[in-house]
Every structure is written in C-alpha cells, then in structure tokens.
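The values are calculated or read from the model by the stated rules, or taken from the named source; none is laboratory data. Computed from a predicted model, the values in this text were never measured in an experiment. Cβ atoms come from the backbone with ideal geometry, glycine included; neighbour counts cover every protein chain shown.
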Amino acid sequence: MTFEAPDIDYAGLSPVLALTVGVVLALVVGLFGSGRRQRIVVSIFGLGTLAAAAGLCIWQWGESKELIAGALRIDDLAIAATLVAIVSAAFCIPLSWREESVERPLGPTGHGEFQALLICSVLGMTLIAQAQNLIAFFVALELLSVPLYVLCGSATRREQSLESGLKYLIIGSLGSATLLYGLAFVYGASGSTDFDGVRAAVGGAVVDDPLLLIGIALAAAGLAFKLSVAPFHQWTPDVYQGAPTPVTAFMAVATKAAVFCVVVRFFDVALGPAVGDWQPALAALGAVSIVVGNAGALGQDSLKRLLGYSGVAQAGYMMVAVVAASEAGVSALVFYLAAYALMNLPAFAVITIRERETPFGDHIRAVDGLGRERPALAAALTISMLALAGLPGTVGFIGKLFLIEAAVDSDYTWLGVMIAIGTMISLAYYLRVVAAVWMRPAAERPAGGAMPAIAGGSQEADTAGKGVRCRVILGATLLAAAATVFFGVLPSPLVDWAARAGESIAALP
Amino acid sequence: MEEIAFFAGAIGALGGAIAVIALRNPFYSVLALIVHLISLAGLFLILYAEFIAAAQIVVYAGAVMVLYLFVTAYVGGVEESIWEPIPGQRFLAPLLAAALFIELSIAVVGTALKAVESTGPTIPADFGSPGSIGELLLERFLVVFEAASMLLLIAAVGAIVLAGRKRERETVPARGAGR
Amino acid sequence: MLNVLLWMPLAIGILCLVLPHRVAPWVATIGALARLGLAIGLVIGFDLGVSELQHVVDESWIPDLGVRYSLAIDGISVFLVLLTALLWAGVISFSALRGHHEQRGRRRLFYFLLGLGETATLGAFLAQDLLLFVLFFDLMLIPFFFLIGIFGGRDRIAATTKMIVYTLVGSLLMLVGAIATAILVAQDTGELSFSIAELRANLLSTGSQEWIFCFFAAAFLVKMPAFPIHGWMPDAYRAAPLPVLVLLSGVLAKVGAYGFLRIVLPIYPDATVTFQEVVMVIAVASILYGSVMAFTQTNLRLVAGYSSVAQLGFITLGIFSLRSDGADGAVLQMVNHGLVVAAIFLIIALLYERARTEDLTRMGGLATRAPVLAALFLVVTMATLAMPGSANFIGEFYILNGAFQEKIAFAFVAAIGVALAAFYALRLYQRTMHNRLPEGAESREISRRDSLVLTPLVACIVALALWPGLILERGEASVEDKIAAVAEAREPPVAMR
Amino acid sequence: MDITWYLVLSALLFAVGAGGVLVRRSPLVILLCLELMLNAGNLALVAFARSSGNEEGQVFALVVMVVAACEVVIGLGLIVAMFRRRLALDVDEMRELRG
C-alpha cells in the first residue's frame, strides 16, 4: 500500500495550530498553582494564545487558498468569522475571573480547564469557518459545541447551570442528528462530501430530486437549532439564563459568527445552484425568527433571557443576509456579525458585574438607577441597547442599513420591511432597559446587604480581586462600547473589511 | 442469501430501537440499544463496510455502552412510566414521528437517482477495508481525523470537569478558606 | 462653515459632560449664542433669488453603500436652521439663567443631551443625502427620549417610550423606503447613490413611488403630529419639561413638514400627485380636530399642543396645494409657528410658577400686577390667532390662497380653522390673565433674567410681522424649484383649459 | 438488495429515535434516543457510500461514532453531576428554567 501524506500549508493552517497548542498549554499550565496565581498564569497563556491566533489570522488576511487536500479553505470570510470568535473569547476570559464556577479552589473547574474548553470551542469555530467538506463541517460543529455544553454546565453548584448544560446538550445533539441526516442525504444525492463536488452535482441533474430537497430541509432545521432561529429556538432563553454569564456572552456571539459562516458556504456556495429550493424556506425562517424573538423578549424581566430572545431576533436579521445569496449579502452578514459582537459583549459584561454587585442576579432591577451609581457602566449598557435597537449613531444602524440594502437588492424587499417591523417591536424592550438605567431610582436591596446566593467565594476574596477585575472588565467594556459608536459614525474601515470578506466568495453574484 | 441477512439485521435493529423507547427501565433500554448496534453492524457488513462494522462492535457497542451501563447502574434505574406525560404529547409524538418517516420515505423512494435504486455499482475488493479507510483518513481527511481526536480529548476533559473529583461535602465548608 | 455649525453643539455638549456643574450651563450658553451668530451670518450671506444649494459640503462617507456626507442650505432650510439655532439658544440660556429646577441635579447630562439634539436637528435640515437625512431624523429621537424620560414629570417613562415607538415606527419604514429608492434607481443607472439631486434626476416608476411615498408620509405625519396618528402627543406634552417642549413643538415638528418639501415632492412627484387629496384631507382634519381640541382642553400645555396640530395642518395643506403660493406660505408659517409656540411654552413656564397649576380653569388674574408680561403675552396671542398685520396672517393667507386655487372645498373648511384659532387663543389669554386671581396664585412681574430670553423672542415675532419678505424673498426660488418638480408630473394645467 | 431498502430502514430508525426524544422524559433514555438518530444517519451514510461507490460516507460514519461517543460522555457527566446534586432526573421537572 502506498501512502502519500497530503501537502500541508503550515502558514495557512497556523491559526488552527496555534489554538490547538493553546488548548494543551492551558490544560497543562492549569495543573500548577492555585487560586490567584493560577488565574494569572493561565490567563496570560490563554490570552496569549488568542492573541497569537488573531495575529496569525491577520497575517493570512487576503490569502485565499485550499488547505490539506481541500478539506479546509482559508479566505477572508473565514478569517473574519475567526476574528469575531477570538475577540469574544478574549473578552470572556477576564469576565470569568472570580466567576464562582471557575474560582473555587477545590471545585472541579479551574481556570485551566475553563480556558482549555473555551479555546477548544474557538478552535472548532475556526475549523467550521474554513470547512470545505461535509465531514469537516460536521466534526467542527461538534468541536465547537461539546466544550460549550460543558461550559454551560460548569457551575456545577448551581442547579440552573447543570440544567442548562443538559438542556443545551440534548437540544444541540438533536440538532446535530437532524443536520447529520440532512448531510447524509445531500451526500447521497450528490455522491460527494466536498462542497465543490456537491456544487457540481447540484448544478447538474439532481436539482429537484426529492432526496436533495429533504436533505436541505433537514440540514436547515439542524443548523437552525444551533443558530437559535425560530421555531427551533425554545432552548435559547433557558440556556442563556442558566449558563454562567461569561459563557453566555461567548456563546451568544461567537457561535453565531462561526455557524453563519458555514451556512454561507453550505447554502450560498455548495447549494448555490439550488438557490430556488432553499431561499424561500430560509426567508420564512428568518421572518418567523424576527417576529417570535422580538415578541418573546417583550415581557422578560431577566436580562439574560431578554438578550436570549433578542438573539433569536438578531439571528433572524442575519438570516436575511444569507437569503440574499449575493456578495452584498455576505458583506452585510460579516459586518453585522462584527457589529453584533461589539453590541452584545458590553451588555453581558454589565450584567456580569451587576450580578456580583447586587443581590438581584440578572433581573432588570439590578440595573435600576445605574446611571447615577455607575455612569460609565450605564453609558456602556445604554450604547449597547441603543445599538441593538438599531438607532443611528451606532454600528447597529449601519448594520441594519447594510442588511436591508442586501435584501432589497435581491428582491426581498418584504424581508427588509420585516427587519424594520422587528426593530419597532424591539424598541419596547431595549428602551425598557435604558429607562431602568437612567430614569428609575436604584432598587432597594434586602436588609443585610448580603452577597447574592449564587456569587460564591468569600466576601474577602471578592474585595481582594475587585480592583484589578473591575478595571480590566470596565476597560474592555468601555472599549467595545466606544467601538460601537465609532464604527457607527465612521463605518468605512469595518465596511471595507466586511466587503473584502464578501468578495472572497467567488461563486456569488 | 443477502435478503435473509438484511431482514435479520433489519428486524434486530428495528426491534432494538423500538425496545429502547418502549422499555420502562433505562437499564433494559441500554441493553436493547446494544442489540440494535450489533444488528446495525451486521447491516454494515452487507454493505461492504467491514471496518465500520468492526468499530461499531468494538468501540461503540463494547466500550461506550459499557460506560452507559455503569452510569445507569450508578444513577439507578429510575422507573418512569411512559403513559403519564403531558396529555397530547404522547399522541402528537408518534404522529410527528410517522410524518417524519413518511416524508423521508418519499424522498428515498421518489428519488430519480439510479444508483440508489440498484444494488450499487461494482466496487474494488478492498472497499471499506481498514487499509483503504485508513488511507482516506490520513490523506484526504487528515483534518477530520485530527479534529476528531481533539474532540475526544476535550470530551474527556469535559467529563472530568463535570463529574470528576468532586467531594461536595468537603468543599462546601472550605469556601474561601483554601484560597 | 456648515460643519462647524453642525458639530459645535455636540462638541460643546461633550465638553459640558466633563466641566464642573456650575460652569457647564454658561459654556453651553456661550456656544449656543455663537451658533446663533453663525446662523444669522448664513442668512445675511444668503444669495437672493437663487434656487441652487449654497455652502455645499460633499465628502465620501460610506462608499460601499453609496452614502455621502453632503450638507448644504437653500432658501427653505436656511430659515429653519436659523430657527433651530435661535430656539436652542433661547432654551439653553433660559435654563442656564434659572439654573433650572427640573434638571434634578444632572445638569451636565441635560446640556449634553440638548447639544446632541441640536446637532441631530441641524443635520436633518442640512443633509442633502437621503440616507444622511434619515439618520439624523432618527438620531433626533435619542436625546429627546432621555430629556423627557430623565427630566420629565409624572408618567414620564411611559410617555417617552410611547413617543419614541410611535415616531420610530414611521421612520424605520422610511429607512426601508430610502434604501429601496436608491437601489431601484441604481438598477437603472448602475450606480448606488443616495444623493437627493441624483435621485431627483432619475425618478422611479409610479408604482414604486407610491408605496415608498406611503412610508415617508407615515414618518413625517407622525412626527408633526397629524390628526389620526397624534396619539403620542398628549402624553409626551404632559410629561416633558417645558424647555424641552419648546424644542419639541417649535422645531422638531417642523422637520416633518420640511421633509415633505425637501424629499417627497422632488423625489416622488408622481406619488405626490396621486396622494395629494389624501394628504389634504388629513391636513384639514388636523386643522379642525386640533382647533376644537385646543378649545376644549384645560391643560395649558395641551392647548398649545393641539394648536400646534392645527398649525401643522395648515403647513401641510400649504405644501400639498402644490402651488408656489401655498408652499411659500408654508415655509413662512413654519418659522412663525416655531417662534410663537416657543414663546407660548416659555410663558406657560412663567404662568405655572405664578399660579402653581397648569389647569386653565384654576387660573386667572395674572395680569393685574404684571403689565409687561401681559403685553408680551398679548403680542404672542395676537400672532397665534393670525391677526391681520402679524406674520402668521400673511402665512395663512398665502396658504389659503394656494389652497383656493387648487381645491376650493378644502380651503373653505380650513378657513373655519382660522376662525377657531381666534377662539382658543383668546380663551387662553383671558382665562389666565384676566378675571379674579384665585387663592394660592400671585401676580408677579416678569423677572429681568426671564425677560432676557422672552423679550428678544417676542421682538423676533414683531420683526417678522413687519418684514415677512425676509423669508418670502429668500424662500421663493427654492420653493418654486420644488413645486416645479411636481408640476412636471401633473397634466399641464394649460392643456386642460 | 436495492439500496432503497436500507434507506427506508434508516428513515424508520430515525423516526423512531425522534419519536423517542419527544416521548420519553428520562435524560438517560433521551440520550439513547439521540444515539438511535445518529445511528440511523450512519446507516444512511454507509448505504450511500455503497450506492455512490466511494468510501467517503464510511469515513463520515466513523466520525459520527466519535461524535456520538463524545456526546454520550458529556451527557452522562452532566447526569452524574445532577444525580450528585440529588436533582430529579426528569426533564419535565426542570422547573427552574421554565418560561
């Protein structure tokens, strides 16, 4: 038997390699030391890994090449999605400091394991953003999901956390199984697992074959589970609420970036010739998601649930870009993904901080009167809410503009109108948060001023690390909020970046 | 001959599957799943997938299911009655499943692909052998192979995080002390 | 020049955020006066009789989306810019002079939000790019959401939320409409552009124009507000602090009417002709409804608020008469009404301090010891009811003249509104100033610091009454230009005869 | 034997698995049902590998086994952790997160 090792382009593969090394390093380093020292050392390695991967990505920016026998493809779209994932992971690491689930000295999850899982999930996202065949697609999806299941359940002391982990696992696996079955049918219809092969076959005789149609339907449903697109979204608010907040932040932002990237490759490219088969279905999913997400968020008192439903709606907005199936659509999607990260991360950071400062957890009362108490935090949360609502002067407005333009350009004007209608509904709940921040007095705390039951660790430990923790988190939060406004006023750099990512998909009109 | 083997395997697989969802004791469900997996392995053999069949029996039906049995035994075979769920769901679920089956069957039977309606094309002698699968894994699907190994590693880490070295009663009083 | 004018309010607003409490109001005042000077300079330097845009600024902003940062003024916007600068200067100095009690210890935020609001409003008046206009139009809401929500009275959160949801419903559809316009045009010309001039040169098909017109009309009519969609107005007017109300009613309401002239008429002429009567019906309905409601309300703010509804109805009627007379009058009336309503709300603030109530039935006799205040109020009242000799009279005359030429029936009905205005304006004046002074109220002369703001404002009203040509002459050419855009879409009237 | 037979069997198994996920409440059994669904997918993959004459489907099936194993491990881990917390092992009783 002859064995020929495939040609490996180490430059193109370098971000993946860096992340792989990072996972192992975080695990190994996590074994040494404990408490504060462990946190510092592991975080240096974790953030260093992410920085290295980001640097390598930027180094590869502008490349467009197949890696390892055509299983992966590194291009600007993949790099853009990877960068969004890396940024949100890097944001999540300081947030997780002093988080009850990772800080407990004798508990199961230390910083080493936590960050190893986090980086592994980023690795999965990097791979899925580059995937060029069905098998790599599937395994990368699992590689990003499995660590997330664990992270969601990692606060093993809290019943909510375990429940959310199990719920996410069950729903996620249901989605995976559905997706797998769909992919199997696509493979059966086309006889190939490579996206190129699928595209070639779909362009031929099998376009209207029932096998392919059902395959597409199942795959769309499976991916909709992962993207929390309605009507496959029921898990989202529960899991968002139950999971530790830093994990929720990462999950909400990064998963969408990576999975939408592969959705573009799978639908717009591999199944591009069958566009008439899937376009109306995805359009319907997007529209339903916009309505259901926004309507669901209306009565929510828990900020994390609110953001969960808002995430459902936002996924609907992004689905519109996929439906557009054009270069403008992909650019709009990439822009919106970056915008989504910038808008959401500050909100989750503020929730995390308030969870530790007040006894209200993530209830909306926790931010009552924030404008007087902590103006900087209040400003960040306000900007993030206004941006999510798509008001002008923020990156959210430009993002919506981009999306509507892509939709109208592809003759899906009604979807553009749906975005506008969804935005109107969403104002009611985003503004409720803003009103709570600026226009209500601070909520009365229960007597005794005890720390919330869920924020474990001792009082002493909390005050000890407070200074550093707050400064780093606050800095990152304000930076993201400032970027939200900056790119809302001067969007050109981000628009160029997104446009480059859009152009890297050659197969689109 | 092939027909007999197929129907034997099919009856085993289907019977196992139905037993999994019908039996009340999870312990028996696991055993039923093992039957199902072994029957599937038989079907894989008929389809010239020797390596998959072997992996199915050794790794899946063997190792993974043993883990499953241990956990079921540890957690305890929680008896749960099937016929008490939310009214409606128990009627709806079979309906949904039936609809799904019919839809999938339409796709499978209605397809115009010639390859599916035949016994399949002629294939080389080493189709599905460990050698040729291994070659594919190390050449075209090297990334997939590496990613799968990463997945196993992280699953192990995850299992340790979730279930490993946990002495709840000892850690609770130690809050804040062992910093 | 325009750049400085546009961004100075925001820059000074941000500066106010970091300055000490005591200094911030005065810095804001100086900045506002400087802007007023700039705006006066614009009017003085304005080239008469030219319909072209002046002081053009045109920079690339988001090339991929075809959005440009382009600003300019013409005969219509120059006075609205002046009005904006004037009223903002008035409100900021009014608040600074009294160290306003409604600011609840958050002065710096108050002046920042005012600055942001001025930048947004000026931006809407200056923008020559459709998308830039939409952006500023939406941006205006944000500071006012906070101004009402933080500094307002009872039920402020519900009121401000209602206001923003109502107005954004319209303007988000407008965003879709704007994008659709640009893209549909780009499908013909091959180049994506939101420039109003470009879009005017390449008109859409009638069918597309019609649905897009509906989106724009919804946005503008809600903003005004016009009769069936004014639901946010009473709550917001009750809750808003009075200085903010001056801006809301004096300037923001005009942006809607301005939008019709600047955008809808030139870009969607066919649809304008199609929907002319519909909008005129809405306008007349607003006039009647507003006048009647103003007559029946007892809350001072709501009297002024509903009278605004009626006045905006007049302005809309003038624009949609699609005659240059009517539109000329509408432009004049926009400025007139802005000045008058601002004066009224400031006077209401003074009356409230004296009577400790805003209920008309529990007021009276405030004129007894305050002749100067009474005189100022009288001038404003006369202007409100469009006494012959006031600029309002001239404005309404032009508007009715235009309407008579176009649709006689509408003009007759609208004329009833003129008569009703006399009723509610005089009722307002009499009930507050004359009769007996109720218990708890005191008649006090206007203080020197208040008259520092109010007197110049009233002087402006008088000056405009003496010299309405200031606006009519400069506005004429631009208005003609907009009407001409529509005239091409109509069957030529000559052929009909 | 036509490949269609295998595919119909696979569809039946998939439907049984999906029905099981909906009907059963014990997380342990739900995990088993998910295994059924993945295995149905595997059967389809192997059958399609036979019909298209390339082994890619078989490699896919192998990967799916790894994935299934990982999901089982994590799922069991969560169940054990919950058991240790003496939580009710009943999905319908997860009232904490209802809404």
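The single condition among (1) part of a helix (DSSP H, G or I); (2) crowded, with 24+ Cβ neighbours inside 10 Å; (3) within 17 Å of the chain's Cα centre (by Cα) that C:I179 does not satisfy is (3). Cβ separations smaller than 6 Å between residues 6+ apart or across chains give the following pairs from the stretch C:139-166 residues that are among the hydroxyl-bearing types (S, T, Y) to residues that are in a helix (DSSP H, G or I): C:T160/C:F145; C:T160/C:I148; C:T160/C:G149; C:T161/A:L431; C:Y166/C:V222; C:Y166/C:W232. Counting only residues that are among the aromatic types (F, W, Y), surrounded by fewer than 24 Cβ atoms within 10 Å (Cβ to Cβ) and at the interface with another protein chain (Cβ under 7 Å from one of its Cβ atoms), the stretch B:12-50 holds 1 of them. Taking D:S51 as the residue in question, decide whether it is in a helix (DSSP H, G or I), small (G, A, S), more than 7 Å from every other protein chain (Cβ to nearest Cβ) and within 27 Å of B:A98 (Cβ to Cβ). No; evaluated as a whole, the condition is false for this residue.
Exactly one residue out of C:G31, C:G41 is surrounded by 18 or more Cβ atoms within 10 Å (Cβ to Cβ) and small (G, A, S): that is C:G31.
Count of the stretch A:133-166 residues, restricted to those that are more than 19 Å from D:V67 (Cβ to Cβ) and either modelled with pLDDT of 90 or more or not in a helix (DSSP H, G or I) (or both), is 5. Taken together, C:L265, C:L204 contain a single residue that is touching a residue at least 24 places away in the same chain (Cβ under 8 Å) and assigned to a helix (DSSP H, G or I), which is C:L265.
Quick check on my filter: what residues within the stretch A:232-257 are part of a helix (DSSP H, G or I) and within 14 Å of another protein chain (Cβ to nearest Cβ)? Of everything in the stretch A:232-257, those that are part of a helix (DSSP H, G or I) and within 14 Å of another protein chain (Cβ to nearest Cβ) turn out to be A:W235, A:T236, A:P237, A:D238, A:V239, A:Y240, A:Q241, A:G242, A:V247, A:T248. The residue list B:V157, B:V143, B:V116 contains one member that is part of a helix (DSSP H, G or I), touching a strand residue (DSSP E or B) at 6+ places or on another chain (Cβ under 8 Å) and outside the structural domain of B:A54 (by TED's automatic domain parsing), which is B:V143.
Scanning the stretch D:57-89 for residues that are of a type outside the set (A, V, I, L, M, F, W, C) and more than 7 Å from chain B (Cβ to nearest Cβ) yields D:G57, D:E71, D:G75, D:R85, D:R86.
Residue-by-condition table, conditions (1) under 28 Å from C:S451 (Cβ atoms); (2) surrounded by fewer than 24 Cβ atoms within 10 Å (Cβ to Cβ); (3) of a type outside the set (V, I, T):
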| position | (1), (2), (3) |
| --- | --- |
| C:I287 | no, no, no |
| C:F295 | no, yes, yes |
| C:L300 | yes, no, yes |
| C:G326 | no, no, yes |
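Taking the stretch A:378-402 as the range and being within 17 Å of A:A332 (Cβ to Cβ) and more than 10 Å from chain C (Cβ to nearest Cβ) as the test, the residues that pass are A:A387, A:L388, A:V395, A:G396, A:G399.
Within the stretch A:437-446, is there a residue that is more than 9 Å from chain C (Cβ to nearest Cβ), touching a residue at least 24 places away in the same chain (Cβ under 8 Å), farther than 21 Å from A:A315 by Cα and part of a helix (DSSP H, G or I)? Yes.
Filtering A:G311, A:G296 for residues that are assigned to a helix (DSSP H, G or I), within 14 Å of chain D (Cβ to nearest Cβ), buried (at least 23 other Cβ atoms within 10 Å of the Cβ) and small (G, A, S) leaves a single hit, A:G296. Quickly run through the stretch B:130-147 and pick out the residues that are at the interface with chain D (Cβ under 9 Å from one of its Cβ atoms) and of a type outside the set (D, E, K, R). Answer for the stretch B:130-147, where residues must be at the interface with chain D (Cβ under 9 Å from one of its Cβ atoms) and of a type outside the set (D, E, K, R): B:S132, B:I133, B:L136, B:L137, B:F141, B:V144, B:F145, B:A147. Quick check on the stretch C:422-441. Is at least one of its residues part of a helix (DSSP H, G or I), small (G, A, S) and either without any contact (Cβ under 8 Å) to a residue 40 or more places away in the chain or out of contact with any strand residue (DSSP E or B) (no Cβ under 9 Å at 6 or more places or on another chain) (or both)? For the stretch C:422-441, residues part of a helix (DSSP H, G or I), small (G, A, S) and either without any contact (Cβ under 8 Å) to a residue 40 or more places away in the chain or out of contact with any strand residue (DSSP E or B) (no Cβ under 9 Å at 6 or more places or on another chain) (or both): present. If I filter the stretch A:454-501 down to residues being modelled with pLDDT under 50 and in a loop (DSSP other than H, G, I, E, B), which single residue comes out as farthest from A:V330 (Cα to Cα)? Within the stretch A:454-501, the match that is farthest from A:V330 (Cα to Cα) is A:S458.
B:V66 meets all of the listed conditions (1) part of a helix (DSSP H, G or I); (2) within 7 Å of chain D (Cβ to nearest Cβ); (3) at pLDDT below 90 but one, namely (2). Of everything in the stretch B:85-106 that is at the interface with chain D (Cβ under 9 Å from one of its Cβ atoms) and at pLDDT below 85, the residue that is surrounded by the fewest Cβ atoms within 10 Å (Cβ to Cβ) is B:I86.
Annotation note: of D:V67, D:V29, D:V16, D:V8, the sole residue that is surrounded by fewer than 24 Cβ atoms within 10 Å (Cβ to Cβ), in contact with a helix residue (DSSP H, G or I) (Cβ under 6 Å, 6 or more places away or on another chain), assigned to a helix (DSSP H, G or I) and at pLDDT below 95 is D:V8.
Under the condition of being out of contact with any Leu (no Cβ under 8 Å at 6 or more places or on another chain), more than 28 Å from A:G416 (Cα to Cα) and within 9 Å of chain A (Cβ to nearest Cβ), the residues counted in the stretch C:112-157 number 4.
Whether any residue in the stretch A:446-453 is modelled with pLDDT of 50 or more and over 26 Å from A:A297 (Cβ atoms) is what I want to check.
Yes - at least one qualifying residue is present in the stretch A:446-453.
Evaluate the following for A:R199: is it surrounded by fewer than 24 Cβ atoms within 10 Å (Cβ to Cβ), in a helix (DSSP H, G or I) and of a type in the set (K, R)? Against the criterion (surrounded by fewer than 24 Cβ atoms within 10 Å (Cβ to Cβ), in a helix (DSSP H, G or I) and of a type in the set (K, R)), A:R199 qualifies.
Only residues that are touching a residue at least 60 places away in the same chain (Cβ under 8 Å), outside any helix (DSSP H, G or I) and among the aliphatic types (A, V, I, L, M) were counted across the stretch C:366-415, and they come to 3. Return yes when B:A156 is more than 23 Å from the chain's Cα centre (by Cα), surrounded by fewer than 16 Cβ atoms within 10 Å (Cβ to Cβ) and of a type in the set (A, V, I, L, M, F, W, C) and no when it is not. No.
Among the conditions (1) over 30 Å from C:L204 (Cα atoms); (2) touching a Gly at 6+ places or on another chain (Cβ under 9 Å); (3) in contact (Cβ under 8 Å) with a residue 24 or more places away in the chain, the only one that C:M293 does not satisfy is (3). Does C:A197 satisfy being crowded, with 22+ Cβ neighbours inside 10 Å and not aromatic (F, W, Y)? No; evaluated as a whole, the condition is false for this residue.
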